[in-house]
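Have a look at the structure below before the remarks.
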Amino acid sequence: LPAVLAVVYLIFNEGYSAAAGPELTRPVLCAEALRLGRLLSDLMPRQPEVRGLEGLLALQSARLASRVGPQGQVVRLQDQDRSCWDRDLMAQGQSAIEAALGLGAPGPYTLQAMIAAFHVRAESWEATDWEAIVALYDELLATHPTPVVAVNRAVAVSFRSPEAAWRLLEGLRTPLAGYPPLWAARADLQWRLGRTVEAADDFRRAAALGANESERRFFLDQAQRCVQ
């Protein structure tokens, strides 16, 4: 079962943020992964991580369309039009989370779904409950200690304590030197700390490492904005 869930998750991730190519997203893959997630839930309704994965995919799908602008440009979460998020998918995702929690302690997919739920429930970017999100990342990192989870946790921490987050990101340079989101996270944090030249350098590094053209354009545009 874990291998099956991992495959469905990977299909969704490739649709949500394409590894390469001209487009940021591949919605057909996301839709297929969500279909498979629901099918697994129908077949195995008593498996908590099956329900957790279903919840995660539904919640991420709820805001998929808002991730891309009219010219195909990247739209950051803080800039997305929340009124366009799919309320039915949001409700389905929350219901799946509740079902998962009713079956046992949350595993990695359920924890990620719970994090996604805090994002979609927030009425605005400013209303995001970062304390709760960091606490969930703490639990996720304890059960699923990967460098990628550590980067995502550091980003969440940055909205509570930028300096603490910077120390965390610095510690991830070696294991994730070739990972574009690490450099994008560093760049955004440096921009917020007023280190505009360093931010531009890190955005360029993220662009150089990435193979998705939409993301590359976004990173280069952000680098240019830093030095204007």
Please pick out the residue among Arg121, Arg51, Arg63 that is under 27 Å from Glu215 (Cα atoms), basic (Lys, Arg) and open to solvent by less than 60 Å² (accessible area, probe 1.4 Å). Arg63
Report yes if Glu215 is within 18 Å of the chain's Cα centre (by Cα), in contact (Cβ under 8 Å) with a residue 60 or more places away in the chain and either more than 28 Å from Met114 (Cβ to Cβ) or open to solvent by 20 Å² or more (accessible area, probe 1.4 Å) (or both), otherwise no. yes
For the range 182-199, enumerate the residues that are within 19 Å of Ala165 (Cβ to Cβ) and aliphatic (A, V, I, L, M). Leu182, Ala184, Ala185, Ala187, Leu189, Leu193, Ala199
Would you confirm whether any residue within the range 89-112 is without any contact (Cβ under 8 Å) to a residue 40 or more places away in the chain, more than 24 Å from Pro48 (Cβ to Cβ) and open to solvent by less than 40 Å² (accessible area, probe 1.4 Å)? no
Could you run through the range 124-177 and say how many residues are under 28 Å from Trp85 (Cβ atoms), open to solvent by 30 Å² or more (accessible area, probe 1.4 Å) and of a type in the set (Gly, Ala, Ser)? 3
Is it true that Leu1 is open to solvent by 40 Å² or more (accessible area, probe 1.4 Å), under 27 Å from Leu141 (Cβ atoms) and modelled with pLDDT under 95? yes
So in the range 121-139, with the set limited to residues that are assigned to a loop (DSSP other than H, G, I, E, B) and either at pLDDT below 95 or under 16 Å from the mean Cα position of the chain (by Cα) (or both), which one is farthest from Arg186 (Cα to Cα)? Ala122
From the list Ala96, Ala142, Ala184, Ala116, pick out the single residue that is modelled with pLDDT of 95 or more, assigned to a helix (DSSP H, G or I), out of contact with any helix residue (DSSP H, G or I) (no Cβ under 8 Å at 6 or more places or on another chain) and among the small types (Gly, Ala, Ser). Ala142
Out of all the residues in the range 187-228, which are touching a helix residue (DSSP H, G or I) at 6+ places or on another chain (Cβ under 7 Å) and outside any helix (DSSP H, G or I)? Leu193, Gly210
Name every residue in the range 37-76 that is over 26 Å from Trp125 (Cβ atoms) and either free of Cβ contacts under 8 Å to residues at least 24 places away in the same chain or among the polar types (S, T, N, Q) (or both), in order of residue number. Arg38, Leu39, Ser41, Asp42, Leu43, Gln47
Whichever residue in the range 9-43 is of a type in the set (Ser, Thr, Tyr) and either open to solvent by 70 Å² or more (accessible area, probe 1.4 Å) or touching a Leu at 6+ places or on another chain (Cβ under 8 Å) (or both) and, among such residues, is nearest to Leu111 (Cα to Cα): Tyr9
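The values are calculated or read from the model by the stated rules, or taken from the named source; none is laboratory data. From a predicted model like this one, the values you see are computed outputs, not experimental measurements. When we count neighbours, we look across all protein chains shown, and the Cβ atoms used for this are built from the backbone with ideal geometry, even at glycine. Remember, those area values only see protein heavy atoms, side chains included, never the ligands or the DNA or RNA. Shrake-Rupley method; radii C 1.70, N 1.55, O 1.52, S 1.80 Å.
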